[in-house]
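Colleague: First the structure, which I've put down as structure tokens, then a few questions once you've had a look.
We did not get these values from a lab; they are worked out from the coordinates using the rules stated. Note that the coordinates shown come from a computational prediction; the quantities given were computed from them, not determined experimentally. Glycine gets a Cβ as well: all are built from the backbone with ideal geometry, and neighbour counts include every protein chain shown.
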Amino acid sequence: MANHNNAAAHGHGGIPWKHVVGYIFSIILTLLALYVTYKTDFSRTTIITIIFIFGFLQAAIQLLMFMHMTESSQKNSKLSGNTQTGNMLFAAFVAVVIVAGTVWVMGAGHAEHDHHNMKSEHKMEMNKDEMDHSKMDHSEHDGMKMDK
């Protein structure tokens, strides 16, 4: 009786077809990422973007196929699996917003501000050096007058 329930849980004939399909898709995505990396003439930015897309797809496949994200623990309720899926999507959205916001603020938001400060500091140093040189010129000039 236990074998009959176990075989029914795995699908037709006892083979977990969902896991086999997920494994094949994961292998295909990995091989595609390797192909894009080694056999194409795309720019480095394009290659990295494609690898990230394949990585997100592979993570989604593993969550759905291997970790049973959409399955619920209650037999008659689909709400639990849908709630878990919604929670995962919301967490992914929050993570993307945090990372994108951080990159945006650190890359674009402060770059001009820091550049402006560096220009101001450079101008201040130049003005200070000019004032030091002019003081030296006046003191040297005054010293020459006294010698004569």
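Colleague: Ranked from highest to lowest mean number of other Cβ atoms within 10 Å per residue, what is the order of the peptides 102-108, 52-58?
Modeller: By packing density, highest mean first, the sequence is 52-58, 102-108.
Colleague: Expected output is a single nm value to one decimal: the length gained when fully extending between Val20 and Thr45, i.e. 0.36 nm times separation in residues minus the C-alpha distance. What is it?
Modeller: This chain segment gains 5.7 nm when fully extended.
Colleague: Under a point spin-label approximation (7 Å from Cα along Cα-to-Cβ), what is the Tyr38-Val94 distance to one decimal in nm?
Modeller: Distance between label points: 4.0 nm.
Colleague: If you don't mind, another one. Gain in length, Ala108 to His68, computed as 0.36 nm per residue apart minus the alpha-carbon separation, to one decimal in nm?
Modeller: Length gained between Ala108 and His68: 10.4 nm.
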